[in-house]
1. Note down all Cβ pairs under 6 Å where the first residue falls in segment 143-162 and is more than 17 Å from residue 183 (Cα to Cα), the second is part of a helix (DSSP H, G or I), and they're at least six residues apart or on different chains.
2. Enumerate the strands (runs of 3 or more DSSP E) found wholly within segment 311-421, keeping only those where 2 or more residues are touching a helix residue (DSSP H, G or I) at 6+ places or on another chain (Cβ under 7 Å).
3. What is the one condition in (1) at pLDDT 90 or above; (2) out of contact with any strand residue (DSSP E or B) (no Cβ under 9 Å at 6 or more places or on another chain) that residue 104 does not satisfy?
4. Kindly evaluate residue 310 against the criterion of being at pLDDT 90 or above and either more than 30 Å from residue 46 (Cβ to Cβ) or within 29 Å of the chain's Cα centre (by Cα) (or both).
5. Quick check: anything in segment 168-186 at pLDDT below 90, within 30 Å of residue 304 (Cβ to Cβ), part of a strand (DSSP E or B) and touching a strand residue (DSSP E or B) at 6+ places or on another chain (Cβ under 7 Å)?
6. Where in segment 66-143 are there helices (runs of 4 or more DSSP H), lying fully within it, with 1 or more residues that are exposed (fewer than 13 other Cβ atoms within 10 Å of the Cβ) and out of contact with any helix residue (DSSP H, G or I) (no Cβ under 8 Å at 6 or more places or on another chain)?
7. From the list 158, 202, 170, which residue is crowded, with 19+ Cβ neighbours inside 10 Å and within 27 Å of residue 246 (Cβ to Cβ)?
8. Within the group 503, 482, which residue is surrounded by fewer than 24 Cβ atoms within 10 Å (Cβ to Cβ), closer than 28 Å to residue 281 by Cβ and touching a residue at least 60 places away in the same chain (Cβ under 8 Å)?
């Protein structure tokens with residue numbers, strides 16, 4: 001959408017003037033001035049911790065600004081609660097969904113509404129179908145949430161705010177857990193809503209998506225508004241430079257592996273979930289020292305189960321996981337061992353899980369406490385030694401530029417990118433021989449993502465066997481040395497990431513029962 005020739009002809013759906021929000025001594029937003037035009041898709045861009053979500057949380061009534069004024073359709077308003085936001089036609093779809101699993105789509109959508117009299121599920125379902133047909137949603141009003149995919153749950157969240165009459169929608173990292181096909185469907189729906197006169201703000205770190213779906217990009221840096229640019233006048237490099245405040249290289253360094261040796265041999269690995277469904281079927285591959293082995297596949301192909309099985313977190317039905325110890329030159333089978341037994345056996349392995357706060361870190365603790373989770377068993381006396389964890393915490397804080405007031409600040413109050421830096425930094429500090437990462441850059445800004453890529457490459461050059469599960473095929477092809485492709489819990493191929501192309505990998509990602517041997 002091109003800017004109107006006469007500025008006064010542009011009508012604002014939202015205007016924020018001088019918005020400031022502090023959390024103690026931390027200024028999350030400092031005198032922000034932001035406009036969303038009617039019928040526009042605006043991308044809000046910034047590094048992790050730049051204040052994007054905080055700013056949008058003030059529009060949705062979760063936070064209240066310390067200073068400044070918000071205007072909706074040029075009228076000054078007070079938004080002190082989510083109800084105030086809904087009353088002003090604002091609906092926010094959060095990154096983490098707020099649904100009741102045992103309820104149907106319809107029940108979740110009308111939950112909390114006071115429409116007078118008895119709740120009429122039939123009428124509500126009819127209205128939900130009308131909304132779905134109008135904008136192109138695929139939704140079954142009677143389906144239970146616990147039976148839904150991630151994209152279906154997101155659809156329920158979007159329909160929920162439309163059902164309540166929202167004409168301004170805020171989507172926080174809406175594509176973080178979607179496949180490329182699901183992302184395309186979401187963007188088609190967003191364009192349909194725009195054609196209907198809705199105004200949308202999308203928070204995303206994926207610059208190709210920013211350029212694809214938005215009309216204009218507004219950029220925050222360290223809690224301050226830097227400026228805006230029409231999407232047609234921007235590219236990934238210019239947006240990154242504005243976001244970071246300096247020129248940033250968007251090239252991933254990929255040196256050739258030096259003297260690779262087998263570090264981890266997986267043979268005939270088969271696992272079932274708690275319902276008896278086979279999640280991995282006869283998996284075979286070898287991870288070598290000094291290389292990055294990428295794991296590619298559509299969501300739910302067995303990536304999570306594979307890493308958790310190797311690390312002792314997922315029960316193994318059949319197969320072996322042979323570890324080659326670089327210090328002793330001895331081998332041992334990890335199959336059947338839990339994480340503590342793996343550690344006691346002297347196996348040097350680090351794992352960055354997909355669930356950062358649920359599995360990786362303790363949110364209420366600071367960096368020091370979370371570093372101690374890896375070392376407390378080494379204490380010989382009855383008192384914990386905090387000197388080494390404090391040293392590691394300070395090292396990670398400084399070297400990875402973690403944005404936090406102190407090393408004792410609770411990690412759950414940090415931005416997603418800083419949480420990930422703490423987690424990756426802690427695991428690397430263990431000096432592992434095998435480093436496994438699951439979606440290490442999911443939800444991270446481009447600058448932080450490249451910091452993580454460089455860290456993984458540095459570990460590779462130290463002779464570490466790095467196993468990288470990712471969802472961005474372009475990054476997998478640029479970062480990794482080899483790609484193991486999973487489809488339906490089976491290996492459909494192992495390819496050289498330097499010589500293959502996206503089309504070949506895409507075919508393997510959808511080819512069930514393909515080759516189960518390394519190429």
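1. From segment 143-162, the pairs are 143/105; 160/109; 162/131.
2. Working: elements: 318-324, 331-333, 349-352.
Ranges flagged: 349-352.
3. Looking at each condition in turn, residue 104 falls short on (2).
4. Yes, satisfied.
5. Our first condition is that a residue be at pLDDT below 90; within segment 168-186, this holds for 172-185.
Subsequent filtering for residues that are within 30 Å of residue 304 (Cβ to Cβ) retains 172-185.
Still in the list and also part of a strand (DSSP E or B): 172.
So of that shortlist, the ones also touching a strand residue (DSSP E or B) at 6+ places or on another chain (Cβ under 7 Å) come out as 172.
Checked against the condition, which is being at pLDDT below 90, within 30 Å of residue 304 (Cβ to Cβ), part of a strand (DSSP E or B) and touching a strand residue (DSSP E or B) at 6+ places or on another chain (Cβ under 7 Å), segment 168-186 yields at least one hit.
6. On the way: elements: 82-87, 105-110, 121-135.
Fully inside segment 66-143 and qualifying: 82-87, 121-135.
7. Working: 158 fails: within 27 Å of residue 246 (Cβ to Cβ); 170 fails: within 27 Å of residue 246 (Cβ to Cβ).
Answer to the check: 202.
8. Numbers: 503 fails: touching a residue at least 60 places away in the same chain (Cβ under 8 Å).
After applying the criteria, what remains is 482.
The values are calculated or read from the model by the stated rules, or taken from the named source; none is laboratory data. It should be emphasised that the depicted structure is a prediction, and the values quoted were computed from it without experimental measurement. Reconstructed Cβ throughout: ideal geometry from the backbone, glycine too, with neighbour counts over all protein chains shown.
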